[in-house]
Amino acid sequence: MSRILDIAAKDLLQLVRDRKVFLFLLIMPISFTLLFGYAFGGFGGPGDPRLPVGFLNQDDHWVSARLHAILADSDVVRLEDFPTRTADELMAAVADEQLAAALIIPPGYGHAALEGRVPRLILIADTGTAAGKSIESEAVAASQRLDSALQTALIVDEVAGQQAPFDYVFSQALSRWDDPPIRVRVTASEASRRTNSRDNPLAHTAPGFMLQFAIAGLLTSAQLMVNERKTHALQRLLTTATARVHILLGHYTAILTMILGQFLVLLTFGHLVLGVRYLDAPAAALLVAVAAALCIAGLGLLIGSVARTEEQAVIFSLVPMFLLAGLGGAWVPLEVTGATFRIVGHLSPVAWALDGFKAITVRGLGLAAVLLPCAALVAYALLFLGLAAWRFQRMQEH
């Protein structure tokens, strides 16, 4: 055991003297996370969640003004008033996705409503989308609410006359919609509310870049193993009582310690500074970090055993970084890809590590949710270790 720790300590001492270690393990993941966080609004305040709808009133009537007031108080749409725009300009803005939809009140809308005729609105939207359907439903509901109050006031005015003035009945009927007799209340569990409050772009980019640059950082440890063979230090070490398994485990322990230290620093930084809620489930986060570190350290040991030159060590480190990170969803979430790509993507251990971290940060789940991803990562770690041991044995036989 002491020989394993001596080799690990020797490797760690050499690693901490190399600036590339801090570049790939800490500086690069933090820099890229901050960059992409700003790019995708991860540091912005809570914006208006309502859908932007262009509003053009071509009917100079108080009824139309009331409809505008109702929609202005909506929790679904946000009116963008364009009194000088034409219908064609609004249609172009919707087509260019500057607006989610456009609503036009045509001339004669108010008179039609007061005469008991069905008033017509012009809605420009793609009602085949969820946003378009929501806007259509909100516009219809507002129009029906206004029309119901108008008809109630007209009927009461015709029957009661001065005893129930039109304006008074209309305002009372319209205000009743503010407190309807039947309400639909949507409730969510406390875990769901916590999840929604922390769901931000950084919950994906932070663990993605952390894993990507952990793999990139393997080039330094791989170069150490290459230099060990080039300087014949390995051959001299094998003439002592040190067994091959001790050498492998010593290198593995050093790489594992380095990556696990990176994960702990970045998990704490992400939770406290970036607001990515890793530590809401600390045991689950630690388990995923350890499993991912075991896997990546095994990959690093395999790269160091395969590479014969420093140039090969660089290539064998960076190529897996791009391949495994891109395939595993570190750049584009696998959730937005097709079913086939999601299946193929999970051939990469990065995908399993991201599943584990996002189960905590995005879905608000705990230890039970990360057991499967961790099992997959440990399986990859055993595979990489087995291949590294086989390669190391063959290398010494030749």
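The values are calculated or read from the model by the stated rules, or taken from the named source; none is laboratory data. Everything numeric in this text was worked out from a predicted model, so none of it was measured. So basically every Cβ, Gly included, is an ideal-geometry build from the backbone, and we count neighbours across all protein chains shown.
Quick check: is even one residue across the stretch 362-369 in contact (Cβ under 8 Å) with a residue 24 or more places away in the chain and under 17 Å from F209 (Cβ atoms)?
Yes.
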(request) Go through the stretch 127-151 residue by residue and tally those that are farther than 22 Å from R176 by Cα and either at pLDDT 85 or above or part of a helix (DSSP H, G or I) (or both). (result) 7
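For the stretch 316-328, indicate whether the set of residues that are among the small types (G, A, S) and either outside the structural domain of Y380 (by TED's automatic domain parsing) or not in a helix (DSSP H, G or I) (or both) is non-empty.
There is no residue in the stretch 316-328 that is among the small types (G, A, S) and either outside the structural domain of Y380 (by TED's automatic domain parsing) or not in a helix (DSSP H, G or I) (or both).
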(request) Write out, first by first residue and then by second, each pair whose Cβ atoms fall under 7 Å of each other, whose residues are 6+ apart or on separate chains, and whose first residue, in the stretch 199-215, is among the hydroxyl-bearing types (S, T, Y) while the second is at pLDDT below 80. (result) T205/T33; T205/F36; T205/G37
(message) Just to check your reading of the model, which residue among L302, L387 is in contact with a Lys or Arg (Cβ under 8 Å, 6 or more places away or on another chain), under 30 Å from E228 (Cα atoms), of a type in the set (A, V, I, L, M) and modelled with pLDDT of 90 or more?
(response) L302
(request) Filter the stretch 9-47 for residues that are at pLDDT 70 or above and among the hydroxyl-bearing types (S, T, Y) and give the result. (result) S31, T33
(request) Tell me which residues, restricted to the stretch 203-234, are outside any helix (DSSP H, G or I) and small (G, A, S). (result) G217
(message) Of the residues F357, F392, only one is surrounded by 18 or more Cβ atoms within 10 Å (Cβ to Cβ) and either under 22 Å from M210 (Cα atoms) or of a type in the set (D, E) (or both); which?
(response) F357
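From the list W352, W331, which one is among the aromatic types (F, W, Y) and closer than 30 Å to D11 by Cβ?
W352
Yes or no, residue by residue, for (1) modelled with pLDDT under 90; (2) surrounded by fewer than 20 Cβ atoms within 10 Å (Cβ to Cβ):
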{"position": "L249", "(1), (2)": "yes, no"}
{"position": "T253", "(1), (2)": "no, yes"}
{"position": "T257", "(1), (2)": "no, yes"}
{"position": "Y278", "(1), (2)": "no, no"}
{"position": "A281", "(1), (2)": "no, no"}
{"position": "L286", "(1), (2)": "no, yes"}
{"position": "A293", "(1), (2)": "no, no"}
{"position": "A297", "(1), (2)": "no, no"}
(request) Run down A206, A164, A160 and say which single residue is in the same structural domain as T361 (by TED's automatic domain parsing) and at pLDDT 60 or above. (result) A206
(message) One residue is enough: does the stretch 73-83 have a residue meeting the conditions touching a residue at least 40 places away in the same chain (Cβ under 8 Å) and either part of a strand (DSSP E or B) or in contact with a Gly (Cβ under 6 Å, 6 or more places away or on another chain) (or both)?
(response) yes
(message) Looking only at the stretch 138-152, count every residue that is free of Cβ contacts under 8 Å to residues at least 40 places away in the same chain and either among the polar types (S, T, N, Q) or in contact with a Ser or Thr (Cβ under 6 Å, 6 or more places away or on another chain) (or both) and tell me the total.
(response) 4
(request) With respect to A381, determine if the residue is touching a Cys at 6+ places or on another chain (Cβ under 7 Å), in a helix (DSSP H, G or I) and closer than 30 Å to M225 by Cβ. (result) yes
